[in-house]
Every structure is written in structure tokens, then in C-alpha cells.
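Colleague: My questions will all concern the structure given below.
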Amino acid sequence: MRLLPALVLTGLVGLVSAPGTLAADDPLMGKVIALDPGHQLGNSNPRFAAEMSQKKFNGTILKGCNTTGTATNSGFPEATFTWRVARELTSLLEERGATVVLTRDSNSREAWGPCVWDRARIGTEAGADAMISIHADGAPARARGFFVIAPTFIPGWTDDVVREDRRLAADMVSGMTQAGAPPANYVRDQLMIRSDQSTLNFSDVPTVIVELGNMRNARDARRMSTNSGQRQYAEWLMAIIEQCFQQ
């Protein structure tokens, strides 16, 4: 991997991976994909309370820097799950010639953030063809499966990319379902439109948030907690990214 100097932010270096020598007609060759592994282990570290208390207006509300995320009932953190899936997905994308930009370069109790507005800026400054923010939900135990979050129309904020965001979100829903990912049983049509998500509102490139499953559901939690399960989530995401760029 090589570093992208333009993405050096407070407490963060954006990581970029250079493509190898592959078939020139591969639809992913030369594409820039920003991956945002949600949260960070250190967000709950009292040392970083001041950083976590930062707030910015995101077009609809004043919202905080970041959060600690959720966890399985056995204590496996969302931050670790999203980091491992992002690393697996990075490898798959690199094998196909894509350039991958990560919004954080570690998964550590000794690191915080970055803030959601900085995560959005990373994808924008990289000129990403698509940005995927990887998360897991902390819903009631009976809820399971994946769903996708896209932004609403906010003048001066999302108006320049909302159509592309919605298109990417629809492709993510259909593609992941076709690839075999269990659809959410508690979100209609696996698509949620929200106005309060800073990662979406601050971004100027096509961006979606994917809640890959519910960490409080026993079946989802089992898959999320294993290496093979994390690889499966990455493969499901890879399938739809590939499909998006074949169109």
C-alpha cells in the first residue's frame, strides 16, 4: 500500500493501494473505491473524550464526531468487524485492479475517529467512483439481515450527488440479495432514506452506508464473529461493486 498525502488529517492517514498488472478490460481496473470501516475501538477511550465531543452541522442537525458503535452480546465490537471486512474487501478489489482508499489506518484502543465529516472528505478528495461505509446494526434480537442507507435531498448538501447515491443504494440492495446476503426482516425493501447521516451529507461522491447485519441477532452475530463470515460479507460486497461497474 502507498500513502496518499492529500488525505492526511488530524489523527489519520488515508491508505491507498495501487493496482497490479491485470487485464485492461476489467471493469474495476483503475476505479477508486473508498471504504469506510465504521467507528474505531479508541472512540470509547476516555483519553479521546474531547475529540469525540466535537460537533458539526450536517445540513439538517448538529451531530457528533463519531461513536463507539455496537457489539455482539458476547462483546465482539462493531469497529473490529467493520475493519476486518474492509481489509478482506480491500484485497478482493486490489486483485481486480481497483485503487482502495481506507478512511482509517488502524483498529486500536489507542486511536480515535476519524470524525464522520473527515471520513466523507477522504472519499471526496480521492475522487472516489464510489464510497461504501461499512457498519453493523444494534437492533432488537429478532431483527436480522442487511440493509442500505441513502441520503435524502438537502439543498446545498446532497443535491449534487443524491441521484447517484440512490442509484448506488438500489444496486447494493439488489446485488447483495442476488449474491446471497440475508435481507433485513425489519427494514422495508432493505433501503432506508435518512437526512441525519453526516457521512452521507458531507460527501460529494456517490456514497452509501451498508448495515451488514444485526450484531444483537444470534445468527448474524455468529457469522460476523468468524473469519469465514467476515470473508463472506466481503465477497457479497465485492459482488455488487463488480456488478455496478459492469453496467
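Colleague: Determine whether segment 102-110 contains at least one residue that is within 29 Å of Gln243 (Cα to Cα), in contact (Cβ under 8 Å) with a residue 60 or more places away in the chain and among the aliphatic types (A, V, I, L, M).
Modeller: The answer is yes, given that some residue of segment 102-110 is within 29 Å of Gln243 (Cα to Cα), in contact (Cβ under 8 Å) with a residue 60 or more places away in the chain and among the aliphatic types (A, V, I, L, M).
Colleague: If you go through segment 80-132, how many residues are part of a loop (DSSP other than H, G, I, E, B), of a type outside the set (A, V, I, L, M) and at negative phi?
Modeller: Residues that pass the stated criteria total 13.
Colleague: List the residue pairs whose Cβ atoms are under 8 Å apart, where the first residue sits in segment 22-33 and is on the phi > 0 side of the Ramachandran plot, the second is modelled with pLDDT of 90 or more, and the two are 6 or more positions apart or on different chains.
Modeller: From segment 22-33, the pairs are Gly30/Gly97; Gly30/Ala98; Gly30/Thr99.
Colleague: Would you check which residues across segment 53-63 are touching a residue at least 40 places away in the same chain (Cβ under 8 Å) and either within 16 Å of Ser195 (Cα to Cα) or charged (D, E, K, R) (or both) and list them?
Modeller: Within segment 53-63, Lys56, Asn58, Gly59, Thr60, Ile61, Lys63 meet the criteria.
Colleague: Among residues belonging to segment 66-79 that are touching a Ser or Thr at 6+ places or on another chain (Cβ under 7 Å) and not in a helix (DSSP H, G or I), point out the one that is farthest from Ser106 (Cα to Cα). Don't jump to the end; show me each part of the working.
Modeller: In the first step, residues of segment 66-79 are kept if they are touching a Ser or Thr at 6+ places or on another chain (Cβ under 7 Å); the result is 68, 72, 76, 78.
Restricting the remaining residues to those that are not in a helix (DSSP H, G or I) gives 68, 72, 76.
Values: Thr68: 15, Thr72: 21, Phe76: 17 Å.
That would be Thr72.
Colleague: From the list Val205, Val210, Val148, which residue is of a type in the set (A, V, I, L, M), at pLDDT 95 or above, under 16 Å from the mean Cα position of the chain (by Cα) and assigned to a loop (DSSP other than H, G, I, E, B)?
Modeller: Val205
Colleague: Suppose the filter is surrounded by 24 or more Cβ atoms within 10 Å (Cβ to Cβ), among the aromatic types (Phe, Trp, Tyr) and closer than 25 Å to Glu94 by Cα; does Phe146 pass it?
Modeller: Yes; evaluated as a whole, the condition is true for this residue.
The values are calculated or read from the model by the stated rules, or taken from the named source; none is laboratory data. Bear in mind that the values here come from a model prediction, so they are computed numbers and not experimental data. Note: ideal-geometry Cβ built from the backbone for every residue, glycine included; neighbour counts use all protein chains shown.
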